1. Pairs, please: C-beta under 9 Å, at least 6 apart or cross-chain, first residue at pLDDT below 85 and in segment A:163-178, second open to solvent by 40 Å² or more (accessible area, probe 1.4 Å)?
2. If A:GLN253 satisfies every condition in (1) in contact (Cβ under 8 Å) with a residue 60 or more places away in the chain; (2) farther than 22 Å from A:GLY181 by Cβ; (3) in contact with a helix residue (DSSP H, G or I) (Cβ under 9 Å, 6 or more places away or on another chain) but one, which is the exception?
3. Give A:THR174, A:THR167, A:THR143 a once-over and let me know the one that is within 13 Å of another protein chain (Cβ to nearest Cβ), over 21 Å from A:ILE260 (Cα atoms), surrounded by fewer than 21 Cβ atoms within 10 Å (Cβ to Cβ) and β-branched (Val, Ile, Thr).
4. For segment B:165-189, give me the residue count where each residue is of a type outside the set (S, T, N, Q), without any contact (Cβ under 8 Å) to a residue 60 or more places away in the chain and in contact with a Cys (Cβ under 6 Å, 6 or more places away or on another chain).
5. Using beta carbons and a limit of 6 Å, which pairs, at least six apart or on different chains, have the first residue in segment B:45-56 and without any contact (Cβ under 8 Å) to a residue 40 or more places away in the chain and the second one part of a helix (DSSP H, G or I)?
6. Tell me which of these B:SER16 doesn't satisfy, since it passes every other one: (1) open to solvent by 90 Å² or more (accessible area, probe 1.4 Å); (2) within 14 Å of another protein chain (Cβ to nearest Cβ); (3) modelled with pLDDT of 60 or more.
7. For residues in segment B:190-205 being of a type in the set (A, V, I, L, M, F, W, C) and without any contact (Cβ under 8 Å) to a residue 40 or more places away in the chain, which is nearest to the other protein chains (Cβ to nearest Cβ)?
8. Can you tell me which condition A:SER209 does not meet? The list is (1) farther than 18 Å from A:GLY136 by Cβ; (2) open to solvent by less than 50 Å² (accessible area, probe 1.4 Å), and all the others hold.
Amino acid sequence: MVTTTTTAMADTSQNWRTQQTAVLDMNDMEGGGSDQSDYETNFTETKPRPPKDSGQGPGGGYMDSVKQRLQENVTNMMWQSGKDKAKSAWNVYGNIDFLRPYFNVEPHEVRSRLLYSFIPQKPSEERQRVHRELYGPMMIIFTLIALLLFQMKTADHRVEEGTLMGTAFGVCFTYWFGASGLIWVLSYVCNTHLTLIQILSMMGYGMGSHCVVIFLGTIIHTSHDHLFFYALWAIVGGLSTLRMVSIIVSRTQGQTQRMIVCGAVATLNLLFLLYLHFAYHQIVEDLSEVFISSNKNLQPMENIADNVVVDDKSAGNVPGEVVDEVKQAIEPLEESVVNLVDKTIGATVKQLIDKDNVDDTVKVLPDKDGPLMGALKDTA
Amino acid sequence: MSDVEFHEQSDLNDVSLEGDITAPGFKADDDEFSTLDEPVKDTVMRDVRAVGVKFWHVLYPKSSTALLREWDLWGPLILCVFIAMLLQGKSDDLNNMNDGGPQFAEVFVIYWVGAVVVTLNTKLLGGNISFFQSVCVLGYCVCPLAIALIICRCILIVDEQTTMLFIIRFVAVVLGFGWSTFASTAFLADSQPPNRKILAMYPIFLFYFVISWLIISHTHS
């Protein structure tokens, strides 16, 4: 059973499309309810009969009852045809059997495809096999979404509009469909022998490298040094990119065309990995700590120097000297920062408090859209 | 076709429209009791008992078909609303506008969309289980995680959080996660083709992992 399905799938996509069209045609030709026996024939589907064939009514209300029956017939006819069209549309598009061949895989196949997506094959004369499969890519994407959620939570990523999960979903699926669509267009232009499903499958397996790098990068967290991440990016991301490049090279003729498509694939794959790491990662941890904790207890400048502990006496008081120099540099700035804050936020607060009615300020303060919050948002 | 009589058109149009709404093929249940006449308490208690029995089956999973045969979505709805309410992040606070905690809608959507996606995957892999049966089982099997969430919230009442308390919370959530996955395996495994069980189990594992992650990372009370 499995072999027949796969050989059927080895046909070019044109056959598959005509199969789909055949399904559509047959449904349209059926018309309305030709399966039904004569005893269940619904006469309202046919043209509304001329009045003289309908039942006899009393003379005066005859035309009224005829009109009413006509109206009911037309309504029923429209309802029936609408229902039939909706049913046939649902059967074609909503039928998940449409996708069933792409999920026809065994566990060992998925495992081997996952492993081979990191092993580039030497380009040879024959085309490299790309399996039309969607189970592996879908599972990789869901794993990536779960890992992104994990990374965003660990890095305290804040999302003002929307939710963390929505962001992760949107990013991953947009990349998968968008990048695959772009590569599909390019492969059409450059005459690469890959169908859309194969491209989806290939790009999906390429995201396996993203999963691995994000996972390792979040677990083994080196705060100030991104060297580890760059090494992973180059090695793991590079391997899966090379695999995709070798697939494309084996299926494209001509140097320029190969370079275009391979360049696009490599760029998309590698840049997406960089984006995933840096967009949802706390890039500059020091800066964020300083700004966010500004309303928590700030140490006065003088005490900082005292808190610096110098362990190595032989080095002289180098840390202390550094702190002194920094203090001297910052002191003039400190005044100007304080003046600035006083002018903006302080002025606004004073303006609000100076109003005649104190109740207004109480009402204004918790209001997120009020002038105070606006001023705070502007200066933050 | 020689034994078929054809009626005149006028005869059929004159037939008055009456009869039972039952479709052909179903026997008429004239002796079925009507639930319109019984007190509301009886109706509600019957459903509550059905839901309670299913929770019991989930907490002590033996390979039984009770969940599958009479599926209902009351239990998953109750669990979803309960978990989403408990997991809400703090809002309306001037100091931190949006602390990144999952909102009610996020948990709700994750729960139901996750169940739908896992069900679709199960069906596409060739499982012979209906859509709603699968959603029902997945929803009910979140019950151990809900119990773990209650334990975590009780632990979070304590003001100072030590590492020991975190470890207890972590262990509780891991146990809940394992229990949920095991329970859903007990119910859903039979409907899968034998060599593809692990392909069908992996998305279920991911689904419960995401929910467990939401529970363990919720540290605000």
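1. A:THR163/B:GLN103; A:THR163/B:ALA105; A:THR163/B:VAL109; A:LEU164/A:LYS153; A:LEU164/A:HIS157; A:MET165/B:VAL109; A:GLY166/B:VAL109; A:THR167/A:HIS157
2. Result: A:GLN253 passes all but (3).
3. Values: A:THR174 fails: within 13 Å of another protein chain (Cβ to nearest Cβ); A:THR143 fails: surrounded by fewer than 21 Cβ atoms within 10 Å (Cβ to Cβ).
Step by step, each of A:THR174, A:THR167, A:THR143 is checked, and only A:THR167 is within 13 Å of another protein chain (Cβ to nearest Cβ), over 21 Å from A:ILE260 (Cα atoms), surrounded by fewer than 21 Cβ atoms within 10 Å (Cβ to Cβ) and β-branched (Val, Ile, Thr).
4. 1
5. Going by the 6 Å Cβ cut-off, the qualifying pairs are B:VAL51/B:TRP74; B:VAL51/B:GLY75.
6. Here B:SER16 clears every test but (1).
7. Applying the first criterion (of a type in the set (A, V, I, L, M, F, W, C)) to segment B:190-205 yields B:198-201, B:204-205.
Now restrict to residues that are without any contact (Cβ under 8 Å) to a residue 40 or more places away in the chain: B:198, B:201, B:205.
Details: B:ILE198: 5, B:MET201: 10, B:PHE205: 10 Å.
Top of the filtered list is B:ILE198.
8. Failed condition: (1).
The values are calculated or read from the model by the stated rules, or taken from the named source; none is laboratory data. Being a predicted model, the structure only gives us computed values, none of them experimental. Ideal geometry is used to build each Cβ from the backbone, glycine not excepted, and the neighbour counts take in all protein chains shown. Surface areas here come from the heavy atoms of the whole protein model, side chains and all, with no ligands, DNA or RNA. Shrake-Rupley method; radii C 1.70, N 1.55, O 1.52, S 1.80 Å.
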